[in-house]
Amino acid sequence: MVRVVALDLGGVLSWPAELYTAPAALLGVDPDAYEAAYWTQRRELDIGLPPGEYYGRLLAAVGLRPAGELVDHLAHFDMALWCRFRPTARALLETVAAWEQRLVIVSNAPASLRQAAEESDWYPLVERLFISGELGTVKPEAELYAGVTAALGVQPGEIAFIDDRPANVAAATEFGWLAHEWVDDSDSLAWLRQVAGHPAP
């Protein structure tokens, strides 16, 4: 029996079209240069590299002096972009939040996501937000799935999980979660209805 619905954030609920262009415009730099620098050491950031170090290096890579105030502003702006969900993704959250199953988000992201999420309008819909930067491990490492399962106090087979990355889905399945690779919001809802026992109205 499914007791928990767990959703990835980036790639499932959100993939902001302006992820590179908006910060580049804010900083007055080339969007392609910003994008190239953006993914350098991103995994380290998601594991727990201090945001100040990551964003400071990003700013230096695009030719800007990494002043503390600018670093902090960019870090918050970046996370705020990721917290802008598509309307259909927000509708998905609202639908699942009304079920008896618990609803959580499991994201590879820096710890700085916490503040941006708490300031968002969707945050009250979820019971918990698990962030890799706080856990010290990332998907698809087994330690992350084990830590989330233990924190929720359920069995692995009682968690239904959606992620857009095949490696994360495969690792979740291997750990014992019910896992599904994201296609779109309607497909996600159809799969969740099936495994959680909520027929379409």
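Only the coordinates and a few stated rules stand behind these numbers; no lab work does. Every value quoted in this text rests on a predicted model; they were computed, and no experiment measured them. Quick reminder, even Gly has a Cβ in these numbers, built from the backbone with ideal geometry, and neighbours come from all protein chains shown.
Numbers at a glance
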item	result
Degrees separating the helix 68-82 axis from the principal Cα axis of the chain, which is the longest one	30 degrees
Base-10 log of normalised Debye intensity for the chain (one unit scatterer per alpha-carbon) at q = 0.09, 0.16, 0.17 Å⁻¹	-0.35, -1.01, -1.12
16 Å cut-off, amide nitrogen to a point 7 angstrom out along A67 Cα→Cβ, residues in the range 1-45	26-29
Dipole magnitude of the range 87-162 about its Cα centre (Cβ charges: Lys, Arg +1; Asp, Glu -1), debye to nearest 20	100 debye
Debye, to nearest 20: dipole size of the chain, +1 on Lys, Arg Cβ, -1 on Asp, Glu Cβ	200 debye
Binned Cα-Cα distances of the range 79-170, short to long, each 5 Å bin given as a whole percent	2, 12, 23, 25, 22, 13, 2
Antiparallel DSSP beta bridges within the chain, as percent of all bridges there, nearest 5	0 percent
Gyration tensor (alpha-carbon) shape descriptor, the range 21-82, a/c threshold 1.5	rounded
The range 21-82, dipole about Cα centre (Lys/Arg Cβ +1, Asp/Glu Cβ -1), debye to the nearest 20	80 debye
Helix 185-196 axis, angle to the chain major axis (alpha carbon atoms, nearest 10°)	40 degrees
